[in-house]
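The structure appears below as structure tokens.
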Amino acid sequence: MKLEGIHHITAITADAPGNVEFYAGTLGLRLVKKSVNQDDPTVYHLFYADEKGSPGSDLTFFEYPGVPEGRAGAGMVHRIVWRVGSEAALDFWVDRLAAIDVATRRAPGSLRFSDPEGLDLEFRVVGTKDEPLIADHPEIPKEMALLGFDGVRAYSFDPGASAAFLGDTLGFSSSEDSSWISRGEKRGSFYIYDQAPSRGGVAGAGTVHHVAWASPMEEHEAWRERLVAAGANVTPIIDRFYFRSIYFREPSGVLFEIATIGPGFTADEPLESLGEGLSLPPDYEPLRDQLEEALTPLPDPRARASTG
């Protein structure tokens, strides 16, 4: 069995409207699902991805209004990396981000910056045979658009402590203890450790909650059995309606999920209108009226851009 790279990455925001403006408006991702946190349905769970809501492009946010900004430390993912197709694409993004006063750091093949809440982001020029996962946006030419995740970077004091687990249990490949690749038949993503800062991490706005790796539906139960056999403290399989999930921590402390490829975001709304209304898993549908009243209205920057 091989995991198909990153399925999704989940982070935390204190400001859902501002989050939508940045990720759907500025970065051009499609808001493919506007839902609630299934462990706390009084707050949003927002999903951004390519035009089809594909695994490998899906960045999600839990909203906790007013939560202070956090900081990444040991046992946390500290940077999210996307693919782009060329140096010209990086030039485009330098200009687009400068237009909203986002400072950037340019290097050959790379552009780094932070989102409005301090989350570290990077765009990298990557040559790959993986399918490009592109969202349509009226202000972003397809040749400049984001192409899906390339990987994530995490902090650890002792990357070698995770080597056997990542290699033998999860089937990642590595050229050294701190750099790993998860690659299946169709997609791959990197997972790299950096030396952790001396200050401890604090969960909050602008931090990553967990990273999920993609499994074919028919292999999901076998992945759980493999983790149990390896001594991991893994949850039962949880039905998240749009996919099924198991959660566990790898030895360096980062929270991992293995999520199934499917059923997908079209399970409860058609592809053409993904993300336009509030989507609730069936168990939460009786709460719709009170949730719609309590949740903050969100902007639609994509529609605004298309109308000028």
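Applying 1/(1 + (r/R0)^6) with r as the Cβ-Cβ distance of Asp158 and Tyr247 and R0 = 25 angstrom yields a FRET efficiency of 0.65. Comparing Cα centroids, the stretch 1-77 and the stretch 184-223 end up 13 angstrom apart. Length gained on full extension, Arg288 to Ala107: 60.4 nm, using 0.36 nm per residue less the C-alpha separation. If only the Cβ of Lys and Arg carry +1 and only the Cβ of Asp and Glu carry -1, the dipole of the stretch 29-102 around its Cα centre is close to 160 debye.
Think of each Lys and Arg Cβ as +1 and each Asp and Glu Cβ as -1; about the Cα centre, that makes the dipole of the chain roughly 760 debye. Using a cutoff of 8 angstrom between alpha carbon atoms and counting only pairs six or more residues apart, the relative contact order for the chain works out to 27 percent. Between Ser198 and Thr296, what is the spin-label point distance in nm, taking each point 7 Å from the Cα along the Cα→C-beta axis? Reported label-point gap for Ser198 and Thr296 is 3.6 nm. Suppose R0 equals 30 Å. What FRET efficiency, 1/(1 + (r/R0)^6) with r the Cβ-Cβ distance, do Asp177 and Ala229 give to the nearest 0.05? Here the calculated transfer efficiency is 0.85.
Over the residues of the chain, the helix contribution to mean residue ellipticity at 222 nm works out to -3500 deg cm²/dmol, using -39500 (n - 2.57) for each DSSP H run of at least 4.
Rounded if a/c is under 1.5, else prolate if a/b is larger than b/c, else oblate: which is the chain, with a ≥ b ≥ c the root eigenvalues of its Cα gyration tensor? In terms of gyration-tensor shape, rounded. Pairs of Lys residues in the chain are counted when their Cα atoms are under 15 angstrom apart and they lie 8 or more places apart or on different chains; the count is 5. Positive-end ranking of Ile9, Ala98, Ile134 along the dipole of the chain, with charges on Cβ about the Cα centre, is headed by Ala98. Toward the positive end of the charge dipole of the chain, with +1 on the Cβ of Lys and Arg and -1 on the Cβ of Asp and Glu, the farthest Cα among Ser178, Gly231, Gly275 is that of Ser178. Computed from the C-beta positions of Arg240 and Ala303, the FRET efficiency with R₀ = 35 Å rounds to 0.80. The magnitude of the dipole of the stretch 163-308, with charges of +1 and -1 set on the Cβ of Lys/Arg and Asp/Glu and taken from the Cα centre, is near 500 debye.
Bear in mind that the values in this text are calculations on the coordinates, not laboratory data. All of these numbers come straight from a predicted model, not from anything done at the bench. Positions of Cβ are backbone-derived with ideal geometry, glycine not excepted, and every protein chain shown enters the neighbour counts.
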